[in-house]
Structures are given as C-alpha cells and as structure tokens.
C-alpha cells in the first residue's frame, strides 16, 4: 500500500499517544495501588466498590452504636454491682440485729444508723449518671433525677421507657432499664404474699417463714389470721368471708392454707392478728427504710419484741426479693453485653469479608502492573526510536 | 532542424511542468486537505505519412488531482461520529468526576447526615448532637445545591458550545456556498485547490454536525442534515443558529433558517460535536439531574414522614426537617391559551425520574412521558377539589387553555437545588416515640403492658394520657382519665389481645387483678427515648421508592453507577470512533497524500528528462551550426 509522508507521522503520533496514555494510567494505578481509579477503568467493579463501601459504612455505624450501648450497659452493671454489695451488707446487718435479745439497744441504733447511711448511698447509686450527664435509671426521662429524696423514701420521677441501639442489620440491643423496673417493681414478701403482725398484738408470737408450697392453690388476695384464743384461730379474706373457722393451734405449729405455709414462734394472745397480703410492689428504698424503722423500734416487752421480729423476718424476705431483682437485671445486662460482643465479632467478620472482596475488586496486582508498565515504556521508546530512524531514511538525503 | 528542436522543447516544457507539479506537492506536504497532483502527459500528434510518421514531442494535457470521493465521504461520516463521541466523552468525564465517586458525589454527604441521625439516637437529649444534625442537614442541602449548580454550569457550557458551534458552522456553510459558485463558474475544469478547500470545509462542518452531501451536475455540492433539512443548496447557504427552548428559557436549541422560516433541528442532529452536546444533554445531564433531584425528594420525604411520627423535646409531634420545591411546570412559549397549571406532590414515593408533557387537545387534557411519549392515565378532573393525579403528582388546571397547548412537568429536576432545611430549633427533631406505656407500681396482678404502637398519628387525642383500669372481677377493663373518670364502659379482656384507643395500640398480657392500672400517654417534653431516632436513621436504607423496594441509598449508588458506566461507555465509543476515523484517514492519505520519497524520485525523473531534452536541443543546435559553417 502507498503510504504518504503525513501518514507516517500520523501513525507514529497515534502510537505514541496511545502508549503514553496507557503508561499514564498504569502509573496512576501503581501510584494509588488501586486497579480502579474511576468508573471508566471498570464500571461493574466501580459499582461493586460503591456497594461494598456503603456496607462498610453501615458496619462502622453499628460498631459505634455497639460501643455506646456497651459503655452504658457497663455503667449500669457497675452501679448495680454496688447496689448488690450494699443490699448484702444491709442483709448482714439485719441478720446481726436479729439476735434481738443479744443485741443491746445502743448497738441496734448504731446498726440502724449504718443502714440509714447505706440507704442514702443506695439512692445516690440509683441516681447515677453516664459520661454525658444523663441519668442511667430514669427510663427515657434521662435529664430528670429519677429518685429525688424529698421525703424519707424517694418517689420515682422517671418513666418506664427503654432505649435500644442498632448494632446489626437485624439486631437491636436494649441499652437501658427503667428505674421502676430495677428498683421499684419488686414484689415484697416471698413474691406471692407477705405476712405482717398486727400492730395491736399483745402476745409474743411472731412469724418466721412464709413460703408457697402450691402456687396453683394460691388465690390472690388479702387474708387475716385471727386468734380467738391462744390455741384457736380463724382465717378470713378481705371481704370478711371465713376460709377457716375455729381451727386449733398449738405453739410452733405451721399454718397452711391456699397453698401458703407460714411458721410462727412464740405464743399468741387472744385477739392477735396476722395479715397475709398478696405481694405488692415495694421499692428497694422502702424495704431498706422499713428496716431502719424496725431497727429503731422499742423492744422492751415481749409483744414489742414479737412485732420487731415479725418485721425483721419479713424485711429479710423483702431484701432477698430486692437482691433477686437486682441480680436478675444484672444477668440481663451481662447477657446483653455478650450479645454485643457476639454481634461485634459477627460484624467484624462480615467487614473482613467485605474488605477482602473490596480489595479483590479494587486492589492492583503490582507484579503484573509493573511488568506491564515496563513493557509499555520499552515499546514507547521503541516507537520513538523507529520514528527517528524513519525520518533519517529519506531519498532526499541521496540526491 | 525544427523537428528535433520542437520535440526536445516539448519534452523540456513537459519536464518543467512535471517539476512544477512535483515541487507543488513537496511544498504542500504539510498542507491540510491537500490532494497530491500530477501532470497528465500524452505523446504529441504524428506528422508525415506512410512509413515516415514522426511524433511531435509530448503534450501536457492537464494537472490531475488524485482523489477518491467515496473514501472521502466515508471519512466525512467518521468525523461526525468521532466528533459526537469525543464531546460526549469529554462531558461524561466531567459528569463522572462530579457524581461518579463516592467521595465527591452525594453518597458521602448522605452518609454523614444519617451517621449524625445515629448519633442523635445514641444520646437523644443532647442539644449539641441535635444542632450537629441540623448542621449536617444544611451541609447535605448545600451539597445538593452545589452539585446542582455544577450541573447547571455544565448546561451553560453546553449552550455556549451550541452557540459557538453554530457560528463556526455558519461561516463554513457560507464559504462552501461561495466555493460552489467559484467551482461552478470554472466550467469543466474546476480548480483542484478549490475542490480541496471545499472538501476540507465539508469535513469541518461534519465534525460539528452530521451532514449528507449531494453532488450536482454543475460541480456544486448540496449539504443537508441527515434527515434532509438543507444547509447548503448550490450557491446558497442556510443560517444555522440557536434559540431558546420552547419550555425552558435557560436552554438553547439548534435551529436552521432560510431567512424567512426558522426550524428547530436539535432532534435531527445526531452526529458531530453539536450532536454530542445535544445527546449528552438529553441522555445524561438531564437524567443525572432528575436522579439527583429524586434522591433529594426521597431524603426529604422519608425523613419528614418519619419525623412526624415522633416526639420532639418540647413534647410535640415532629414537623418537617426538610423543605422541598414544588414540581416545575413549564408552559410552552407557543401556547395560545391562558391556562395555568399548578403541580404539587401527592405521593413522593411514587415520583419517578421522568419528565412529562401535559397537552390540551381542545376537549381534554392528556399526560405523556416526555421521553418515551407513552400515555399516562390521569385520574380526577383537574379542578382544585378534584385534581388530576398521576405519577405521584397532583395537577390543578385553571384558566382556559387553547387546543394544542403544552406544558412540561419536571417533578425531580429542580428538587436538588430546591432542598432546604426547615428547622432551626434543634429541640424540634423528633427522636422519641410519641406514646409510652407504664405498669402502675400499685398493681397487684402480674399483667404487664407492651410498648405502644401508633396506628393513627393524626388522632387529636393521641398524646392524651389515658389509663386502662381493670374491673373487679378483672375480666373486663375500662379506659379512664388519669383521675379515674371513666372514658368508656367495660370492655372484655383477653390476655395479649390488641387494645386500641386514641390512635395507639397496646397489648396487656398476664393476669391482672381488679383495680390494676396501666397508663398510656405521651412521653412528654425532654424525653430521652430514641425509638423514632432509630427509625429516622433507618430511612437511609429503608425501601421508599418503587413500592418500597428502593431506598435513597440505593438511588445514590445507582446514580454513581449510571454516571460511571456512561462515562466508561462513551470513553470506549470515543476510542473506537477515533480508531475508525484514523484508519479512514490513512486510507484517504494513501490515495491523496504526498510521499516525499516518491516526489524525490519524480524530481530525478523530470530532471533527467529535462537534461536529456536540453541535450537534444544542443545537439540539434550543433548540427545546425555545422551546416552553417560549411557555407561560410
């Protein structure tokens, strides 16, 4: 084929331009370490990269949420651990004071003072705040002090709202418990019923244990055991309907009805009454405050001592209920912290896989790229050299 | 002696002419559009009779332009294709750098905004977090506005390209018409140079817009657009120009005019740089603008709708965080009637990234897709009370329209720049769930109440505190006011069944006792609840458009991908078209181009012929002199 002089130059120019742009692209790839520097390099790959990056951003968000939830849960765990310690100390002190005869009135006062101090600490703990100054146990009223100590026993000012954080595509984690749930919604007595001695009792009888032996037989409601004589009693319900009339009683005997079993010690006097009430919610603070009140009772005569003992025994049950509730919440917290840990490792695993895929799509095969770059540079140089040769090679040089 | 002298002289002259042509070729080796020339040389007529017939030397009958019109025409077409591909690619790369990367495009701003929503969900009562969210919202609207602004400036640039291109084409068309005149007045032997010049100009026009070339008998050439609209007829050139778009005054369209009538040829131009400008504008720029606008609409609507379902720090239901622009309605400048069309969004999630035309045929209105022309059924009558509803839009027509009046509807195009932040008070972000429930601490039974779900956000009593109080026996319950005043009679209780009132629904499960109370009511001011903030944060990835199948995140990824793959395609197309043009140019050059080696050989050839002819003259001269000397 006939080749014009201009064609030779044009072809050379085209070749050189193509080689140069290829070299420039390779240099950019080697420089950034990325195979795809814009969608033009590989539109399908670029679309994948966009999706991967979105997924990674989402996982990042979950990680931050998990950190925030974990921080709060840890703070709650610390606070409730302290509550647990305090309640156990209270329990210890109460048991110690229970050997009523052995404990002198003065040291009972001292115990009462200490329990009272512990109560103050307990309220402070229940009013704990997180790093941002939000109350941990106020439900969603995070800016309101949940347990303001206006009277002797604080009244809950929060609500029962709980908060969640998203820590996975389909995973929300509860990051708060309301103060109601932790400190207030605690059933007193044994959780089904509580026993108290009537304040007007004159005998030396007090209840010791109160248990449920058959929950299915229990009929929720309030009952009264009335001693008509030291060895006779009736049981009536709150509507005045007798369940048991003129039953015989001997000291030390157990009284069982409706699946409830109550043991007593001491001797009742005629007219003595014991109230059996379906369990009510009683806050941790009320429980402790009642114990303080009990510890300050005058126990100079047997009737007073019996009242003291009755209150102490039911107070211990209340403390146990509180401890069970607090520890129930704590084990929930622990379980949630575990969920966060598990979810975090799931997220990290997913992120790792996405990053692997991302680098598979995006990253440059350096060995290949550099060898190609060298090849291109060589052929660019060859093209330049060959043009110079061609130019020298003209017939005009010979005429 | 005159025979040999004349013969030699004719050879001398022919060689001279040959050298002339050769040197002209050499001189024009770099001249654009030059076709090499060579002399057409024939032997002179014969003298004498019988066996004694002698040639009379040589005659140069013409100078031939070496040319292949078919190849040249192919090259002309290839130049149009290359021009279109190059301009399209050039602008596609610009668009890609604006929208095609995650960092520069809208994706990163959306991500930053929703990350901040998430931060609010982490600590909903923090005013700082909320202020930052409003800040991120403002940054997001700014990003939308910036991108929109940059797309507008691309559009302006396209306008300028059209104006400048039209001016350049005009000049060339006039020059072609003049050359037509000169060539036709040259008779049967038009000047080679003029033909070269005309071809060069036609190629230049073709580079701008695709033309068809029709040869005429008189040597002139007619040029038309690819569908036959004349641009040059013989010695007359038409005027190519620009005028404002019928609907959009900011947009120019290409026109051609014969001096009396002007017609828009934008739709007919598919090749050349101007074709590239027009196709980039309609295929890519407009689409990108609509897509971007639709993302803005989606973010605003999905966020606002969810925000209205929550409770702000003042204890009120949320209001709009984002404000949006109404759909654009652009009447045609040709409309004869005086009707006004007002458009608003009926359902943003049904809005598509399309433009529409609303046409009045004298009796009724019809809506078509501006891109495909497909008819879109309209419901309603178009009145204020009963507007037309279609494609997520509500259209109210007032005034009187004339038959043939047309309006263009652009629901999404202006949305990106129209996005604004409507809230400045950080307390008004509705992070909390609106309705909370609580078990009373005085309850004796073991029943509990579930969190509330809202079934009717518009219920005026939604936030009014209500109690659910169980009767004795606890097989029934009543709704009461907080002070115990009954609101309803006794209703039968089933554990776990839905209990709905005032627009909310809860479930009470377990065994309540008589007198047990559950409260349902607003969380009130300063709630630290984050139920709605979690839902707000999920709006980014929650299905919204296309019957809930497509989220705003999907749309933003799709935009990135569309722009990227368009750039990749146009890049590949440009490479192919440039290669085709290059190959054809080589083919044409191989016929018409000057080869210096060849010309060097020609010089030698003509030089030798010249020298030999001179020698023949001098020999004849010597012979003549020797005869003279005999008689001296």
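List of remarks:
- Any chance residue A:77 is within 14 Å of chain B (Cβ to nearest Cβ), in contact with a helix residue (DSSP H, G or I) (Cβ under 8 Å, 6 or more places away or on another chain) and part of a helix (DSSP H, G or I): no
- Residue B:130 being out of contact with any strand residue (DSSP E or B) (no Cβ under 8 Å at 6 or more places or on another chain), within 14 Å of chain A (Cβ to nearest Cβ), more than 24 Å from residue B:283 (Cα to Cα) and in contact (Cβ under 8 Å) with a residue 24 or more places away in the chain: yes
- Candidates B:550, B:560, B:541, B:522 - the one that is at negative phi, buried (at least 18 other Cβ atoms within 10 Å of the Cβ) and either facing chain A (nearest Cβ under 8 Å) or under 43 Å from the mean Cα position of the chain (by Cα) (or both): B:560
- Only listed residue being assigned by TED's automatic domain parsing to the domain that holds residue A:71 and either crowded, with 21+ Cβ neighbours inside 10 Å or without any contact (Cβ under 8 Å) to a residue 40 or more places away in the chain (or both), chosen from A:107, A:128, A:152: A:107
- For the range B:57-69, the criterion of a residue being farther than 30 Å from residue B:532 by Cα, in contact (Cβ under 8 Å) with a residue 60 or more places away in the chain, within 14 Å of another protein chain (Cβ to nearest Cβ) and under 20 Å from the mean Cα position of the chain (by Cα) is satisfied by no position.
- Single residue of the range A:1-29 satisfying the filter (surrounded by 14 or more Cβ atoms within 10 Å (Cβ to Cβ) and not in a helix (DSSP H, G or I)) that is nearest to the other protein chains (Cβ to nearest Cβ): A:4
- The range B:491-512, residues that are within 21 Å of residue B:446 (Cβ to Cβ), assigned to a loop (DSSP other than H, G, I, E, B) and more than 14 Å from chain A (Cβ to nearest Cβ): B:493, B:494, B:495, B:496, B:497
- For the range A:256-304, a tally of residues being closer than 20 Å to residue A:87 by Cα, in contact with a strand residue (DSSP E or B) (Cβ under 8 Å, 6 or more places away or on another chain) and away from chain B (no Cβ under 14 Å) returns 0.
- Filter result for residue A:63 (in a helix (DSSP H, G or I) and either at pLDDT 95 or above or closer than 17 Å to residue B:111 by Cα (or both)): yes
- Applying the criterion of being touching a helix residue (DSSP H, G or I) at 6+ places or on another chain (Cβ under 6 Å) and more than 7 Å from chain B (Cβ to nearest Cβ) to the residues of the range A:155-172, the residue that is surrounded by the fewest Cβ atoms within 10 Å (Cβ to Cβ) is A:171.
- Only one of the numbered conditions (1) assigned to a loop (DSSP other than H, G, I, E, B); (2) in contact with a strand residue (DSSP E or B) (Cβ under 6 Å, 6 or more places away or on another chain); (3) closer than 30 Å to residue B:431 by Cβ is violated by residue B:313, and that is (2).
- Any hit, the range B:62-83, residues being under 30 Å from residue B:292 (Cβ atoms), assigned to a loop (DSSP other than H, G, I, E, B) and in the same structural domain as residue B:569 (by TED's automatic domain parsing): no
- Subset of the range A:338-387 [under 30 Å from residue A:84 (Cβ atoms) and either surrounded by fewer than 17 Cβ atoms within 10 Å (Cβ to Cβ) or not assigned by TED's automatic domain parsing to the domain that holds residue A:67 (or both)]: A:338, A:341, A:342, A:345
- Members of the range A:30-51 found to be part of a helix (DSSP H, G or I) and more than 7 Å from every other protein chain (Cβ to nearest Cβ), listed by number: A:30, A:31, A:32, A:44, A:45, A:48, A:49
- Counting the residues of the range B:32-58 that are part of a loop (DSSP other than H, G, I, E, B) and surrounded by 15 or more Cβ atoms within 10 Å (Cβ to Cβ) gives 7.
- Only residues that are outside any loop (DSSP other than H, G, I, E, B) and within 14 Å of another protein chain (Cβ to nearest Cβ) were counted in the range A:110-153, giving 2.
- Residue match in the range B:342-353 (condition: under 22 Å from the mean Cα position of the chain (by Cα) and surrounded by 19 or more Cβ atoms within 10 Å (Cβ to Cβ)): yes
- The range B:412-461, subset over 27 Å from residue B:130 (Cα atoms) and in contact with a helix residue (DSSP H, G or I) (Cβ under 8 Å, 6 or more places away or on another chain), residue farthest from the other protein chains (Cβ to nearest Cβ): B:414
- Matching residues, the range B:92-121, being over 24 Å from residue B:313 (Cα atoms), surrounded by fewer than 24 Cβ atoms within 10 Å (Cβ to Cβ) and away from chain A (no Cβ under 11 Å): B:94, B:98, B:109
- Residue B:297 vs. criteria crowded, with 21+ Cβ neighbours inside 10 Å, outside the structural domain of residue B:110 (by TED's automatic domain parsing) and over 14 Å from the mean Cα position of the chain (by Cα): yes
- Selection count, the range A:308-333, where residues are in contact with a helix residue (DSSP H, G or I) (Cβ under 7 Å, 6 or more places away or on another chain) and over 24 Å from residue A:92 (Cβ atoms): 1
- Here residue B:544 fulfils each of the conditions (1) assigned by TED's automatic domain parsing to the domain that holds residue B:117; (2) under 28 Å from residue B:431 (Cβ atoms) apart from (1).
- Where strands (runs of 3 or more DSSP E) sit wholly within the range B:170-271, those with at least 2 residues that are within 30 Å of residue B:406 (Cα to Cα) and touching a helix residue (DSSP H, G or I) at 6+ places or on another chain (Cβ under 9 Å) occupy B:239-244, B:252-257.
The values are calculated or read from the model by the stated rules, or taken from the named source; none is laboratory data. None of these values were measured; they are calculated from a predicted model. Cβ coordinates were reconstructed from backbone atoms using ideal geometry, including for glycine residues, and neighbour counts include every protein chain displayed.
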